[in-house]
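Only one structure is covered here, and it is reproduced in the block below.
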Amino acid sequence: MSQTRMTRQRALILEALHSVTSHPTADEIYGMVREKMPRISLGTVYRNLDLLSSSGEILCLERAGAQKHFDGDTSPHLHVRCKRCGRIGDVHAAPALPAFTPLSAGGFTIEDMEVEFTGLCDSCKDSRAC
Ligand code: ZN
Ligand code: MN
């Protein structure tokens, strides 16, 4: 596979991510990119998403037990995750002092703290299901 083709695939993936604010999963990005490049494979999409996240061009929003979501907006902002459907939204909040000061960490070296809000998205809040 030529470098040029890799670059075009990567550019399309980036463009797809920049065109939405929905924090899509790899499968959703695959669907978006396939409209413009019908023969792209899911593996190629995964590989390029990995590359783009390691280089810091996109954000990978990971949580144990949930599908990864991706964000083309790398500016500082926080996220809220819907407890029912897993959808992720942006939260713009004023910076505050850390809510927790670790007193002990049981054999871990703390490197970072990630804050994620949880709640219900508008469509889940309005639906009466379960
Ligand atoms: Zn929801
Ligand atoms: Mn975001």
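To keep it simple, each residue is scored yes or no on (1) within 15 Å of ligand 1 (Cβ to nearest atom); (2) free of Cβ contacts under 8 Å to residues at least 24 places away in the same chain; (3) out of contact with any Leu (no Cβ under 6 Å at 6 or more places or on another chain); (4) farther than 19 Å from HIS69 by Cα.
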residue	(1), (2), (3), (4)
ARG87	yes, no, yes, no
ALA93	no, yes, no, yes
PRO98	no, yes, yes, yes
PRO102	no, yes, yes, yes
THR109	no, yes, yes, yes
LEU120	yes, no, yes, no
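Could you run through segment 21-62 and say how many residues are at pLDDT 95 or above, acidic (Asp, Glu) and within 21 Å of CYS82 (Cβ to Cβ)?
Going through segment 21-62 one residue at a time, the tally reaches 2.
Do the conditions hold for THR101, that is, is it over 30 Å from ILE13 (Cβ atoms) and either exposed (fewer than 10 other Cβ atoms within 10 Å of the Cβ) or touching a Lys or Arg at 6+ places or on another chain (Cβ under 8 Å) (or both)?
Taking the combined requirement at face value, the residue satisfies it.
Working only within segment 53-73, note down all residues that are in a loop (DSSP other than H, G, I, E, B) and touching a Leu at 6+ places or on another chain (Cβ under 6 Å).
Answer for segment 53-73, where residues must be in a loop (DSSP other than H, G, I, E, B) and touching a Leu at 6+ places or on another chain (Cβ under 6 Å): ILE58, GLY72.
The values are calculated or read from the model by the stated rules, or taken from the named source; none is laboratory data. Bear in mind that the values here come from a model prediction, so they are computed numbers and not experimental data. Cβ: placed from backbone, ideal geometry, glycine included. Neighbour counts: every protein chain shown.
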